[in-house]
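Take a look at the structure set out below.
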Amino acid sequence: MNLTTASVSRRSFLAGAGALVAAGSLAACSNGSEGSGSAAAVDSPVTLTVAASPSPHAVILNDFAASRLADEGIELEVKEYTDYILPNQDTTSGDVDANYFQHINYLNNYNEENGTDLVNVGKIHFEPMGVFPGKSTDIDNIADGATIAVPNDPTNEGRALLLLQDLGLITLDADAGITATPNNIAENPHNIQFSEQEAAALPRTVADVDFAVINGNYAIDAGLDLADAVAQEDASSDVIQEEYANVIVTTSDKEDDERIATLVNILQSDEFKSFLQET
C-alpha cells in the first residue's frame, strides 16, 4: 500500500496507523538529514519531556522514539493530553520541552490568537481526515437534508468543508480557503445540514448524524475502524502538505536544542516510515 498516494476516493481510507504518512515523503527535513540522530548525541543521560495526544502521538513516542533516544543518552518522558490547548500552554511555560500533537495550521492559528511564538521544528507525519458513516452509509447518494457533523474549531472546520467540496457535495466561496465555515457555502444542492461540534466529541456522536468528518487521531483514539470511513483527504495535495502535517513544536529559545533535534531526526528516518507501515 502506497502511503504517499492516498486519495479522496470513496471507501479508500487507509487502515489504522498505516494511514499516517511520514513527513520525509511530504517535505524537506528542517533539522538535518534523515537518520537516528547522531548529530545531536549527548555526553550524559538527560531528560526530554514531550507533551502528546494519546494516539497516535504518545504511542509513537513510547513505542518507537524512546528506545532510540535512550541510545543517544536521552531519557524520554511523555506526558499525555486529551485536549488541544494545555500542551501548547505547558510548552510555553516550560513545563514540557516540546509537544507532538498538532498540525501546522493549528500551530499558526494558536500563535496568532495567543500572542505566542511557538515554533515548528520538524514535519513528522500526516493523518488523513475521514468521513465516517453514522445513520447513513452511501455518501455517493446522500439524502437531501442529511446531517454531517464537522469540527467546530477554526483550523479543522475549513479542512472538513474542503474535503466535502472535493467529494462534490458542496461548493465553497472561491476565497473561503482553509478558514471556511458553513457560512461560506455557495452551493448546497443536497441541502446538507451541518452539526458543528468539538473535534474530540465527533467519534462519540457519529451515530446521531448521517456522517461525521473526523480527525485521524481522534478516530484512532476512539477505536474506530478506519477502513470503514467512506472518504479521506488527498495526501498529495499541496494544502495538506503545507498546512496539515503533524509537527514537533517547541519554544523559540529551544529551537536549536540538541535533544529535540535528535527526536526530530529519529522521527524523520526511513526506519520510522517503516514502523508506521508495519504497525
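The values are calculated or read from the model by the stated rules, or taken from the named source; none is laboratory data. Every value quoted in this text rests on a predicted model; they were computed, and no experiment measured them. Cβ atoms come from the backbone with ideal geometry, glycine included; neighbour counts cover every protein chain shown. Just the protein is used for accessible areas: all its heavy atoms, side chains included, with ligands, DNA and RNA removed. Shrake-Rupley method; radii C 1.70, N 1.55, O 1.52, S 1.80 Å.
Of the listed requirements (1) modelled with pLDDT of 95 or more; (2) out of contact with any Ser or Thr (no Cβ under 9 Å at 6 or more places or on another chain); (3) open to solvent by less than 30 Å² (accessible area, probe 1.4 Å), A98 misses just one: (2).
Within region 189-204, the set of residues being exposed (fewer than 15 other Cβ atoms within 10 Å of the Cβ) and of a type in the set (S, T, N, Q) comprises N191, Q193.
Candidates L202, L169: the one that is at pLDDT 90 or above and either charged (D, E, K, R) or farther than 23 Å from A52 by Cβ (or both) is L169.
Only one of the numbered conditions (1) touching a helix residue (DSSP H, G or I) at 6+ places or on another chain (Cβ under 6 Å); (2) farther than 18 Å from A146 by Cβ; (3) open to solvent by less than 40 Å² (accessible area, probe 1.4 Å) is violated by D221, and that is (3). Return a yes/no flag: does region 126-149 have any residue that is farther than 30 Å from N191 by Cα and free of Cβ contacts under 8 Å to residues at least 40 places away in the same chain. There is no residue in region 126-149 that is farther than 30 Å from N191 by Cα and free of Cβ contacts under 8 Å to residues at least 40 places away in the same chain.
Results for (1) open to solvent by less than 30 Å² (accessible area, probe 1.4 Å); (2) farther than 25 Å from F275 by Cβ; (3) modelled with pLDDT under 95; (4) of a type in the set (K, R), shown as yes or no for each residue.
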position: D43; (1), (2), (3), (4): no, yes, yes, no
position: T82; (1), (2), (3), (4): no, no, yes, no
position: D117; (1), (2), (3), (4): no, yes, no, no
position: N120; (1), (2), (3), (4): no, no, no, no
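The conditions of being at pLDDT 95 or above, open to solvent by 10 Å² or more (accessible area, probe 1.4 Å) and among the polar types (S, T, N, Q) are met by N62.
A single member of D208, D257 is modelled with pLDDT of 95 or more and open to solvent by 60 Å² or more (accessible area, probe 1.4 Å), and it is D208. Checking each residue in region 260-276 for being open to solvent by 10 Å² or more (accessible area, probe 1.4 Å) and either basic (K, R) or closer than 30 Å to G134 by Cβ (or both) picks out only K273.
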